[in-house]
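To keep things clear, I will list the structure first and then write my remarks on it.
Bear in mind that the values in this text are calculations on the coordinates, not laboratory data. On a predicted model such as this, the values are computed, not experimentally measured, just so you know. Glycine gets a Cβ as well: all are built from the backbone with ideal geometry, and neighbour counts include every protein chain shown.
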Amino acid sequence: MSEENKFEPKIVAFLCNWCTYAGADLAGTGRKQYQANVRVIKLPCTGGIDPLFLIKAFERGADGILVSGCHPGDCHYNSGNYHARRRWNVFRPLLEFCGINPERIQFSWVSAAEGGKWVETINGVIDSIRALGPFEGYQKINTMGPMVSSESANQ
């Protein structure tokens, strides 16, 4: 692949306001360098992430997703990160059923004091998604047109 056509993944990161977002901010104020392929969505807690947010990110063009929050036991809301972890264990088989490689969604725990870990984590996510290539699942579905014929829709 030529240098100008090199694939650059689009990553959406859903970050806990209290820990990972603060860690990412610390990395920025510490002038630590990381790849710019990430778009951050700040949430009060990872426990409040609806799995449909993740599907919607893929639908809107994301190639990969990172969900990151407080370390287990350190949640600002007591158990939000445990809820997020349990939800992921239920959601993962659904992704596989829908044809989405579960490796495209990654979870991590980064505290507010771990700016260096944020840089390592996000660079690792970007590199692993780059190796997987672009996510084209929704592009294929959206170009197929309606799944129901007009005759059966009128019945």
Open item on the list: Skipping prolines and chain starts, which residues have an amide H placed within reach, meaning under 5 Å, of the one on Gln106, given they are 5 or more residues away or on another chain?
Closed with: Ile65, Leu66, Val67
Open item on the list: With 10 angstrom as the radius, rank Asp63, Asp127 by how many other C-beta atoms surround their C-beta, starting from the fewest.
Closed with: Asp127, Asp63
TODO: Identify which of Ala22, Ala112, Ala36 has the largest mean-square fluctuation in a Gaussian network model of the chain, with springs joining Cα atoms closer than 10 Å.
DONE: Ala36
Open item on the list: Output wanted: per-residue J couplings in Hz (rounded whole) for the range 35-50, from phi through Karplus 6.51 cos²θ - 1.76 cosθ + 1.60, θ = phi - 60°, x for Gly and Pro.
Closed with: 5, 8, 7, 10, 10, 9, 10, 8, 10, x, 7, 5, x, x, 6, 7
Open item on the list: Below 17 Å, Cα to Cα, which lysines can Lys56 reach? Residues fewer than 8 away in the same chain don't count.
Closed with: Lys10, Lys42, Lys140
Open item on the list: What are the ³J(HN,Hα) couplings of the range 90-103, residue after residue, when phi is run through the Karplus curve with 6.51, -1.76, 1.60 and θ = phi - 60°? Round to Hz, x for glycine and proline.
Closed with: 7, 6, 4, x, 5, 4, 4, 5, 7, x, 9, 5, x, 5
- [ ] May I ask you to sort Thr20, Thr121 by Cβ crowding, counting other Cβ atoms within 10 Å and putting the fewest first?
- [x] Thr121, Thr20
TODO: Rounded, prolate or oblate: pick one for the chain, where a ≥ b ≥ c are the square roots of the eigenvalues of its C-alpha gyration tensor, a/c under 1.5 means rounded, and failing that, prolate if a/b is larger than b/c, else oblate.
DONE: oblate
- [ ] With everything on Cα atoms, drop me the angle between helix 115-132 and the longest principal axis of the chain, reported from 0 to 90° to the nearest 10.
- [x] 20 degrees
Open item on the list: Neighbour counts of other C-beta atoms within 10 Å: give me Arg92, Arg104 arranged from fewest to most.
Closed with: Arg92, Arg104
Open item on the list: Are there any trypsin sites (Lys or Arg not before Pro) in the range 25-60 that are in a DSSP loop and have at most 12 other Cβ atoms within 10 Å? List them by number.
Closed with: Arg31, Arg60
